[in-house]
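Beneath this line is the structure, given in structure tokens, with notes to follow.
Bear in mind that the values in this text are calculations on the coordinates, not laboratory data. Since the structure is predicted, the reported quantities are computational estimates derived from the model, not experimental observations. Neighbour counts run over all protein chains shown; Cβ positions are idealised from the backbone, glycine included.
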Amino acid sequence: MEVPTTVPTSTIIPTPTTSKKLIYIENLSFSAQAPFGDWKDPLQQDGCEEASAIVAVSWAMDKKFTKTEALEMIKKISAYEVENYGQARDTSAFDTHKRIIKGYFEYENSRVEEVLTADQIVSRLSQGNLVIVPANGQELHNPFFTAPGPDRHMLVIRGYDFEKKEFITNEVGTRQGENYRYTKDILFSAIRDYPTGDHLPIINSSKKAILVWK
């Protein structure tokens, strides 16, 4: 897949599969932030923001990608961040949107919101909006994470199961992350924004900012 460039502001977002039991946004490609399991590479260890953006922007532009292409894009995005901002480490929701989504991809049909309840995220999904969330990965208790898990993490939410009260995600923090499910309470509790930089102190850990694709 060619690296996405500018897209028209009238991009059409497909209607998700929705019923009284399930919301599910289809046609997402998936790759972990370490596509081939090279978790020792610092670039890929810190690549959750880049990988989440690749999943979301590619979906919005109706493009697919392979693991090889995902790794190439993670490297290119990181190089862009270093060239323009001096480093490619943790980026807040706002800076992920500004630097990666709008800066690198030149994609305009997304926004940053602050939410107060999990049902606000469910509402966005029901409208066909893909959602990216920053989180305390240690509070997700994902058994596929290397313990204790990342304290600064980003992932994609693609659906919600009303009966089981579970969010359906593309969890880029593990190769087992496609359609990975978290309970509603656990995922929402773990959501928190974090500052841009190299593991800077998290002062306002209660802020729940999300990235929404219109």
Lys/Arg +1, Asp/Glu -1 at C-beta; the chain dipole; positive extreme among 141, 97, 23: 23
Candidate cut points under trypsin sites (Lys or Arg not before Pro) in the stretch 180-210, DSSP loop plus at most 16 other Cβ atoms within 10 Å of their own Cβ, are 207
The stretch 36-83: trypsin sites (Lys or Arg not before Pro) in DSSP loop, at most 10 other beta carbons within 10 Å: 40
Looking at the chain, which longest stretch skips every one of the GluC sites (Glu not before Pro) that is in a DSSP loop with at most 15 other Cβ atoms within 10 Å, leaving the sites themselves out? 27-105
Relative to the Cα centre, what is the charge dipole magnitude of the stretch 17-213, using +1 at the beta carbon of each Lys and Arg, -1 at the beta carbon of each Asp and Glu, and rounding to the nearest 20 debye? 420
Full-extension gain between residue 202 and residue 102, please, as 0.36 nm times their residue separation minus the C-alpha to C-alpha distance. 33.6 nm
Cleavage-rule hits, chymotrypsin sites (Phe, Trp or Tyr not before Pro), the stretch 154-214, DSSP coil, Cβ neighbours within 10 Å at most 15: 162
